[in-house]
Amino acid sequence: MRSRVVVVSVFLAVLACAAAAEDRVVLEGILVRVNDNIVTISDFTKRLRVELAQQQSAPTEDEIRQLTETMLREIVDELVLLERASEKHIEVSEKMVDQALQNLREENNLLEDEAWAQAVESSGLTIDQLRDRYRRTILLQRAVQGEVRPLEITEEELRRVYQQQIEQYSVPEKVELEQVFIAADGNDVDDALRRAQGMVARVRDGADLKAEAILAGSQLQNLGAIPVADCRPELKAALAEIEDGGVTDPMVVPGGVQVILLVETIPAGYQPFEEVVDSIRRQESAESYEGQTRGLVDKLKKEYLVEVHEERLAIVYRNLGGL
C-alpha cells in the first residue's frame, strides 16, 4: 500500500510540474527570437492590448486576428532592425526623444500642457509608453540610415506617375453657389415666399442680389463649390433651369425660404499636375524607402538567427479572452 501511495504522490508531483511548465509557456514562452533579442508571449500580448485600446470601435474577431498577424510581422522586422542598430552601436538619447515629442506638439498645436495631456490620454497611451514608442521609432530609422538611399526622381518621371494615376486626381462636376435665406416659421412662410418671389423678379430684371438680400432682412451667403452629386434633387432640378449668374425660383425649406445664385458651373476634370506634384513625390519617396527597407530586412534575416513561433498565437488569443 505504501508503495502505491508513493507512486501516486510522484505522479501528482509530475502533473504539478507539467502544469507549472505550461503556465510558463503561456506567460513567458518565446514568440519571436532574432539572435539574442526575444519577444515573449506576454510581451506581445501587452503590446497587442495597447494597440487594441487605441481602436476607435470594438474590433471584430477577424480584425483582431488580422491586427495580430500584422503586428507579428512588424515585430519580426523590428527585432531584425534593432539587431542591426546594436551592431552599429546606435543609441537614442532622451534629448532626441524630447525633441521628437516637442515637434509632435508643435505640428498638432498642442503646446499647452493641458491640451497635450488630454491628447496623450485620448490616444490610449501613457506618456512613458509614448516616449518608448518614439524612442523605438527613432532607433529603427537610424538603423537603416546609410543603407537606404533617398529617392532621386525627375519631373519627367513624376509626370509619368501622374498620368498613370490620373484617375486618383479626378474632380467631379461642381457648382459654386451663393444663397439668400429668408427665415420664416409657421404662418410667416407665405409672406416670406412672396418677398422672395419679388426679390427674384427684381434681380432677373437687373437688380443687385446683395442689396436685395439686405432689403429683405437677410444677407448673401457664400456656400462654396459643391459637387453636383451632393445637391438635393430639388436643388439639382432648379439649377438645371438656369445658367451661370442666374438665380433659382424661391424654394421653401425647413425654417424659411431659399434663393440660390449659381455663380459658376465647374466641369468635371482632374487636379492639375502642379497641385499634386508634392504629394506624388512624397508617395514615391515613401514607397522607395519602404521597398529598400524591406530588402534590407530580408537580407539581414538570412544572416541572423530568426525564429517565429506562429503556432503560439493561439496562446495569445487565449490570453485575450479567447476568439
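The values are calculated or read from the model by the stated rules, or taken from the named source; none is laboratory data. Computed from a prediction, not measured in an experiment: that's the story for all the values here. Virtual Cβ from ideal backbone geometry, glycine too; neighbours counted across all protein chains shown. Note: areas computed on protein heavy atoms with side chains; ligands, DNA, RNA excluded. Shrake-Rupley method; radii C 1.70, N 1.55, O 1.52, S 1.80 Å.
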Free of Cβ contacts under 8 Å to residues at least 12 places away in the same chain and either more than 17 Å from ALA314 (Cα to Cα) or in a helix (DSSP H, G or I) (or both): is that true of ASP43 in this structure? no
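Results for (1) modelled with pLDDT under 95; (2) touching a strand residue (DSSP E or B) at 6+ places or on another chain (Cβ under 8 Å), shown as yes or no for each residue.
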{"residue": "ASN222", "(1), (2)": "no, yes"}
{"residue": "GLU241", "(1), (2)": "yes, no"}
{"residue": "GLY255", "(1), (2)": "yes, yes"}
{"residue": "ILE260", "(1), (2)": "no, yes"}
{"residue": "GLU264", "(1), (2)": "no, yes"}
{"residue": "TYR270", "(1), (2)": "no, yes"}
{"residue": "ARG281", "(1), (2)": "no, no"}
Reported set for the stretch 112-127 where residues are closer than 27 Å to ARG47 by Cβ and open to solvent by 100 Å² or more (accessible area, probe 1.4 Å) is GLN118, GLU121
Please go through the stretch 128-152 and give me each residue that is touching an Asp or Glu at 6+ places or on another chain (Cβ under 9 Å) and on the phi > 0 side of the Ramachandran plot, ordered by number. none
Among what's in the stretch 82-111 and is in contact with a helix residue (DSSP H, G or I) (Cβ under 9 Å, 6 or more places away or on another chain) and in a loop (DSSP other than H, G, I, E, B), pick the residue that is most open to solvent (accessible area, probe 1.4 Å). GLU91
Answer with yes or no whether GLU51 is open to solvent by less than 80 Å² (accessible area, probe 1.4 Å), farther than 27 Å from TYR304 by Cα and in a helix (DSSP H, G or I). yes
